[in-house]
Amino acid sequence: MSKGFFSGLLATLVGLWSFTAISETDGVFDEYRELMGDDNPAIFVIYDGEEIWFTPAGPKSVSLAQCDLGLGPGVVEGAYAQLPRYFSDAQRVQDIEARLEYCMTHLQGRSPDKVRANAYSQRGELGTELEALVAWIADQSSGLTIAPAQAHAKERSAYTLGESLFYYRAGPHDFSCATCHEQTGRRIRLQALPNLTTHQGAAAAYSTWPAYRVSQGIVRTMGWRMRDCMRQQRMPELIMGSEASVALQTYLSVNGAGGSMAAPGLKR
Amino acid sequence: MQTIIRICAFIIFSSALHADEPYNVLLNSMVDKNFVTVERLKQDELQAFCSQPRSATVDEPRAAELREAALKGVPTPAGENYLGDWQRGEKVAINGRGLQYSDDPDQANGGNCYACHQLDPTELAYGTLGPSLSGYGARGQNPAMLEYTWTKLWNTHAYNVCSHMPRFGAAGILTTQQLQDVMAFLFDPESPVNRPQP
């Protein structure tokens, strides 16, 4: 099936959704999700990601094929499910985004500032390299157990830090992540809010990112999700792959450990 | 004896937390965006006190201090004029924008009440982080209720330290006029908040 067919179908679905969403929290969207079945349009992005991985790029004109995502150079299958983890070459805990930045700068010789500046799609863009790579890499862990490494002291302190960031209240509205994500069965307007302090809530959320966002027509990463929730929290802009972004994701992945990866997910 | 225990508890507590760590990490992990600067990452006393899980045990004497300080800072509107225009207040309650870097700083901030509360019972897109306020006016329009609600909106921590509702007045999110209008939206018998429940 063609990409055009999907975009057309999706536009119709989004249209329908925005008219009918008022009736029930997530019910209507769940129906569409069912209707789409395995036909997550992220599939096209996944293909792109795989191609990008193997294509020489950057000043050194080498591909990412030797990038070590934690299971050895070039091993992609199963790597996402074990992130974030400590990397001795970088001497820090990294999520997929920080790791890709590391490989792009160290293997391909690209500038870290540029990698970060082009990480997430701006409004109206059709997806970035990073988004495509993350979609493919996460898909290579689909069905596998969320099992972030917690053996290294820095991996454990990333979790503790993530937890304290989760409860850190600041800004004009006094919000923390906990304001919106510490209770079960709540919603904001009509959007259901997962309780990310529980295994169940964290596993359901963590396993389904990166995700194809129907309303935006692109794949978004978990790092972007962190940034956008920080925006809603009235905070400044969260830097991709930063210590705070990685720590928050460590908190979520460890809380969700044991769950089963199902990314790229499909989200409104 | 009690003081000694309290001092020991304080030392253990503060050394375990490394109070500055989250702040320093955030400072290194964020950048200014539009009109939103990293200045916002700094916590005031209340925010620092309230950055614990709901299940954590509360230092009651300290909570009482913060409650009192919050209460002291609540101004009475001129002429004890608590009620503005409910129709304008409804717009404030619906508007969820304001103070995010994606928002237009030249537009008035919203109160975003529907994000967390049910108000007009015919509006179905309401959140449930806070209790339903439908029919709020039925609680009576007496001075005590007006003052309670005004205080709650100005600085919710005056009654409930670590409440998750924003400090609409104390934090400068809404103006006095906007707060008076929202008050009218809650209390006015003509306001849809006080329409008979379907």
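Just a few scattered comments:
- Any pair with Cβ under 9 angstrom, 6 or more apart, that starts in segment A:148-172 at a residue that is at positive phi and ends at one that is part of a helix (DSSP H, G or I) and buried (at least 17 other Cβ atoms within 10 Å of the Cβ): A:Gly171/B:Arg40; A:Gly171/B:Leu41; A:Gly171/B:Gln47
- Residue list for segment A:219-235, filter: within 7 Å of chain B (Cβ to nearest Cβ) and either in a helix (DSSP H, G or I) or surrounded by fewer than 24 Cβ atoms within 10 Å (Cβ to Cβ) (or both): A:Arg231, A:Gln232, A:Arg234
- Any hit, segment A:179-186, residues being without any contact (Cβ under 8 Å) to a residue 24 or more places away in the chain and of a type in the set (Gly, Ala, Ser): yes
- The set of residues from segment B:34-66 being charged (D, E, K, R) and surrounded by fewer than 18 Cβ atoms within 10 Å (Cβ to Cβ) comprises B:Glu39, B:Lys42, B:Asp44, B:Glu45, B:Arg54, B:Asp59, B:Glu60, B:Arg62, B:Glu65.
- Selected residue (only one of A:Ser253, A:Ser215, A:Ser245 is among the small types (Gly, Ala, Ser) and touching a Gly at 6+ places or on another chain (Cβ under 7 Å)): A:Ser245
- Only listed residue being away from chain B (no Cβ under 14 Å) and in a loop (DSSP other than H, G, I, E, B), chosen from A:Gly241, A:Gly258: A:Gly258
- Residue within segment B:74-83 that is within 14 Å of chain A (Cβ to nearest Cβ) and either without any contact (Cβ under 8 Å) to a residue 60 or more places away in the chain or over 30 Å from A:Ala170 (Cβ atoms) (or both) present: no
- Pick from segment B:28-69, criterion touching a Ser or Thr at 6+ places or on another chain (Cβ under 8 Å) and assigned to a helix (DSSP H, G or I), ranking: farthest from the other protein chains (Cβ to nearest Cβ): B:Asn28
- Residue match in segment B:15-23 (condition: within 11 Å of another protein chain (Cβ to nearest Cβ), at pLDDT 95 or above and either under 17 Å from B:Thr175 (Cα atoms) or not in a strand (DSSP E or B) (or both)): yes
- Meeting the requirement of 2 or more residues that are out of contact with any Pro (no Cβ under 7 Å at 6 or more places or on another chain) and at pLDDT 95 or above, the helices (runs of 4 or more DSSP H) wholly within segment A:1-115 are A:42-54, A:96-106.
The values are calculated or read from the model by the stated rules, or taken from the named source; none is laboratory data. Predicted model only: the values in this text are computed from it and were never measured. Neighbour counts run over all protein chains shown; Cβ positions are idealised from the backbone, glycine included.
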